[in-house]
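Q: My questions will all concern the structure given below.
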Amino acid sequence: MCHSEMSSDLFRERSAMSSTSDFTGEPSLPRIRPPANALAELARPDGSATLPVITYSRYGDLILMHFNSRWDIGQGCMQISDPDWIALDIAQQMMGWMLFNERPAHIVQLGLGAATLTKFCYRHFPDARVTAVELNPAVVDACQAVFQLPADNQRLSVILMDALDFVSNSSNTGQIDVLQVDLYEESADGPALDTAEFYAACAQCLAPQGIMTVNLCGVSIDDIRQRNLDAMRDSFETILFFRTCGSNVVAIAFKSAPIVDVEALAERALCIERCTRLPAGTWLPDMMPACVEQEPRRNVFTAPAT
């Protein structure tokens, strides 16, 4: 998954098949470049642009998004036969907050990717406002042209903005119920933003019972996981991790420690499965609190003391 919603198994298989007709570049899809003015504004000192061209590949029923021509790294994907479905398990885990909040009023996505999570939230939470924050206008254009992202409307808005600027804006303080963070550059080796200051600003944006999910990806995933845990500790009362999957792991961070009712969570998981087809029943036993991060497959939820 590298910034991504991609699984490492898929990319290993895809790399092995890259010379076959099952995985090819998609000639009918446009290469979308950032506007010249955006490139100028975000140029490096040596003059090279920081914003990548958006390219695509096709793998079976999936269209994959890539930055430039990094075919080994996917920035998101869409299942052609079911465009609003979350096809990959890592991206599904980013929705783990659904166990704890059934009716969020405002869901924010930092890093649009292929708009997988944004579209899913827009479809399944009709009473919620859904906001996506994306730095690269070419990503937004690609999502609208190729990945079937709806146009902005009363419930859905896409903001062209740096994620750090967004969470640092005082007008967002306490306004967000769910924050989904998936911020990666072309190399996808660790999040683009992962400092204590960034996570403190994220927590500041959340409502008192707000929840943040973060996609962590990179070559040294254990180091990345620990670095991000250390950066989150001072701003979030409870931090959980899903089991590491290849080079990815999803963190779930709670601004305030949740009150856990195991039976209610199990019932909620069944409801999520019935309503959305997401495998929520597998999420609880796969979550581990940061304090026991070395214990594999431990169910972290125990009945409250009586």
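Q: Long-range amide H contacts for M94: which residues qualify at under 5 Å (H placed 1.01 Å from N, peptide plane, sequence gap of 5 or more or a different chain)?
A: none
Q: Could you bin all the Cα-Cα distances of the range 140-208 into 10 Å bins starting at 0 and give me the percent of pairs in each, rounded to whole numbers?
A: Whole-percent P(r) values from 0 Å outward: 17, 42, 34, 7.
Q: Of the listed peptides 151-158, 273-280, 172-179, what is their order by residue-averaged count of other C-beta atoms within 10 Å, with the highest listed first?
A: Listed from highest to lowest mean packing, they are 172-179, 273-280, 151-158.
Q: Right, here's the next one. Can you check what the net charge comes to around V133, using other residues whose Cβ is under 11 Å from the Cβ of V133 (Lys, Arg +1; Asp, Glu -1)?
A: -4
Q: Taking neighbour counts of Cβ atoms within 10 Å as a proxy for exposure, in what order, fewest first, do M161, M287 appear?
A: On the way: M161 14, M287 21.
Taking fewest neighbouring Cβ atoms as first place, the list is M161, M287.
Q: Give me the Å³ per residue figure for the convex hull around the C-alpha atoms of the range 177-224.
A: Cα-based convex hull of the range 177-224, divided per residue, equals 72 Å³.
Q: How high is the FRET efficiency between D234 and I80 when r is their beta carbon distance and R₀ equals 30 Å, given to the nearest 0.05?
A: 0.10
Q: Local charge sum around I80 (other residues, Cβ-Cβ under 9 Å, Lys/Arg +1, Asp/Glu -1)?
A: -1
Q: Looking at the range 89-292, what % of its DSSP beta bridges pair antiparallel, to the nearest 5? Write out the running numbers ahead of the final one.
A: Values: 15 of 34 bridges.
Here the antiparallel bridges make up roughly 45 percent for the range 89-292.
Read-outs throughout are calculated quantities, based only on the coordinates presented, and are distinct from any laboratory measurement. Given the structure is predicted, the values throughout are model-derived calculations rather than measurements. With ideal geometry, Cβ positions are generated from the backbone for all residues, glycine too; neighbour counts draw on all protein chains shown.
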